[in-house]
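Trainee: Sharing a structure, written as structure tokens. Questions coming.
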Amino acid sequence: MKILIALCLLIFLPLQLAVPAAAPAHDLGWQPAKTWLFVVGALSWKHKETFGSFPVKNRRDAALVDFFKKGGVPERIDAAFKTQLKKLGPNDLLIVYYAGHGYESEKRDDVYLASYDAGDDEVPGWSVNSIPDTIKNNSKCSRVLWFIDCCYSGQAAVALTKQKNGPAFACVTASAASESSTEHWTFTEALLDSLGGAAYVDLNHDGAITLAEFAAHVEADMSQAEEQLSTFAATKGFDEGMVLAHAKPLAHPRIGERAKAKDQYGDWYTCRIVEARDEKFKIHFIGYEDDEDAWVAPEELRPIKPTQYAAGSEVEVVWKKRWYPATILQVKSGIHLIHYTDYDSKWDEWVPSKRIRIPKS
């Protein structure tokens with residue numbers, strides 16, 4: 001299977017996954033023969049002046065598809081979302097994944113996922129608000145699991161609050177509805193960690209990684225590495241304890257710990273301990289390439305201490321290279337909800353500390 005830029009892939013699996021030597025204590029919450037995967041990976045766009053390109057090297061969306069393809073089972077691929085939705089059965093699970101650009105509507109009440117030709121006349125992109133109804137009206141599936149890795153992706157959670165019937169929905173997104181997002185693969189990397197059974201995602205160490213544990217894992221990664229507010233929401237009937245993967249045993253108590261470390265150029269970045277050996281730790285810089293992993297001594301790590309401004313503080317916030325007066329409304333893990341002075345509340349947004357400064361006297 002080839003993943004092409006801005007090509008929508010709908011893949012029907014059954015997958016023949018490897019069976020563990022010992023029977024797992026927890027059944028997976030998804031069955032390969034009943035799982036459909038719809039992946040949109042857009043990294044380059046026709047209107048480059050509006051939508052900048054994303055890194056193609058070691059793209060994690062391809063790794064995500066590869067995970068679901070294990071076993072070499074033939075797949076069927078089509079681009080027509082609505083047409084393919086009609087093939088889903090009443091007990092099927094639909095997994096929808098998007099990575100690329102997201103942008104707000106003029107009224108800031110919807111978010112569009114940018115297709116390759118977004119920006120052409122009468123091509124607004126893929127409306128996030130429309131997706132749940134499209135699925136409900138064109139398929140009989142019982143559950144939908146939605147992952148979005150782009151700016152303003154938390155709009156998916158807003159859209160789910162309007163669902164009163166139809167399939168049970170759950171979404172996990174890279175950012176809040178009023179927040180831009182990084183170009184790094186941090187979110188999708190965390191998803192792959194979870195599906196791959198990384199021990200440090202199994203927060204209660206019971207041998208199973210649940211959807212809720214993945215959501216907690218990615219929330220910590222996004223806040224500590226990117227200063228973004230990942231969003232998790234589910235409608236009534238979707239089991240947040242759904243088991244995504246069987247977890248590997250934890251080889252060392254500090255594996256999975258997040259910290260700050262210097263890269264090869266002496267700059268500090270957020271990392272995770274992924275291996276321990278001979279009183280040294282192998283670290284992975286979260287959201288970056290594996291070839292930048294390094295072995296360090298414990299004293300080369302330092303705790304993560306986010307910059308935080310108190311709620312009510314009068315500050316300045318940069319937006320499109322211009323500084324505006326604003327007020328801090330809320331603070332969560334170093335991420336700030338701000339209100340721009342003399343602007344409507346629809347412009348309130350979550351911003352990282354690097355976009356904030358104390359007003360000059």
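Trainee: Of everything in segment 303-357 that's touching a Ser or Thr at 6+ places or on another chain (Cβ under 8 Å) and acidic (Asp, Glu), which residue is farthest from HIS217 (Cα to Cα)?
Mentor: GLU314
Trainee: If you check GLU292 against the conditions, is it without any contact (Cβ under 8 Å) to a residue 12 or more places away in the chain and at negative phi? Give the derivation first.
Mentor: On the way: without any contact (Cβ under 8 Å) to a residue 12 or more places away in the chain: no; at negative phi: yes.
The answer is no for GLU292.
Trainee: Is segment 203-226 home to any residue that is touching a Lys or Arg at 6+ places or on another chain (Cβ under 8 Å), part of a loop (DSSP other than H, G, I, E, B) and open to solvent by less than 50 Å² (accessible area, probe 1.4 Å)?
Mentor: The answer is no; no qualifying residue exists.
Trainee: Which one is modelled with the lowest pLDDT among residues in segment 300-334 that are in contact with an Asp or Glu (Cβ under 9 Å, 6 or more places away or on another chain) and on the phi > 0 side of the Ramachandran plot?
Mentor: So the residue we want is SER333.
Trainee: In this structure, is LYS140 in contact with a Pro (Cβ under 9 Å, 6 or more places away or on another chain), at pLDDT 65 or above and open to solvent by 10 Å² or more (accessible area, probe 1.4 Å)? Walk me through how you get there before you give the answer.
Mentor: Numbers: in contact with a Pro (Cβ under 9 Å, 6 or more places away or on another chain): yes; at pLDDT 65 or above: yes; open to solvent by 10 Å² or more (accessible area, probe 1.4 Å): yes.
In short, yes.
Trainee: Would you mind stating whether ALA176 is out of contact with any Ser or Thr (no Cβ under 8 Å at 6 or more places or on another chain) and small (Gly, Ala, Ser)?
Mentor: On the way: out of contact with any Ser or Thr (no Cβ under 8 Å at 6 or more places or on another chain): no; small (Gly, Ala, Ser): yes.
When the stated conditions are applied, ALA176 does not pass them.
Trainee: Considering only segment 321-345, state which residues are within 24 Å of the chain's Cα centre (by Cα) and open to solvent by 40 Å² or more (accessible area, probe 1.4 Å).
Mentor: We begin by selecting, within segment 321-345, every residue within 24 Å of the chain's Cα centre (by Cα); these are 330-338.
Correct list: GLN330, VAL331, LYS332, SER333.
Trainee: Could you look through segment 250-287, keep only residues that are of a type in the set (Asp, Glu) and within 17 Å of TYR200 (Cβ to Cβ), and pick out the one that is farthest from the chain's Cα centre (by Cα)? Before the answer, list the steps.
Mentor: Taking segment 250-287 as the starting set, the residues that turn out to be of a type in the set (Asp, Glu) are 257, 263, 267, 275, 278-279.
Still in the running and within 17 Å of TYR200 (Cβ to Cβ): 257, 275.
Working: GLU257: 20, GLU275: 24 Å.
Once the filter is applied, the top-ranked residue is GLU275.
Trainee: Looking for whichever is in contact (Cβ under 8 Å) with a residue 24 or more places away in the chain, within 21 Å of the chain's Cα centre (by Cα) and either more than 23 Å from GLU227 (Cα to Cα) or open to solvent by less than 10 Å² (accessible area, probe 1.4 Å) (or both) here; the options are PRO132, PRO90. Which one fits?
Mentor: PRO132
Trainee: Any idea how many residues of segment 135-162 are closer than 25 Å to LYS34 by Cβ, out of contact with any strand residue (DSSP E or B) (no Cβ under 6 Å at 6 or more places or on another chain) and in a loop (DSSP other than H, G, I, E, B)?
Mentor: Residues that pass the stated criteria total 3.
Trainee: In addition: All but one of (1) touching a residue at least 24 places away in the same chain (Cβ under 8 Å); (2) surrounded by fewer than 24 Cβ atoms within 10 Å (Cβ to Cβ) hold for SER127; which doesn't?
Mentor: Answer for SER127: the failing condition is (1).
Trainee: So SER178 ticks every box in (1) farther than 24 Å from GLU289 by Cβ; (2) at pLDDT 95 or above but one. Which box is left unticked?
Mentor: (2)
Trainee: If you don't mind, another one. Within segment 241-272, how many residues are farther than 14 Å from GLN224 by Cα, open to solvent by less than 40 Å² (accessible area, probe 1.4 Å) and among the aliphatic types (A, V, I, L, M)?
Mentor: Result for segment 241-272: 6.
The values are calculated or read from the model by the stated rules, or taken from the named source; none is laboratory data. Note that this is a predicted model, so its numbers are computed, not measured. Methodologically, a virtual Cβ is constructed for each residue, glycine included, from the backbone with ideal geometry; neighbour enumeration extends over all protein chains shown. SASA here: full protein model, heavy atoms, side chains in, ligands and nucleic acids out. Shrake-Rupley method; radii C 1.70, N 1.55, O 1.52, S 1.80 Å.
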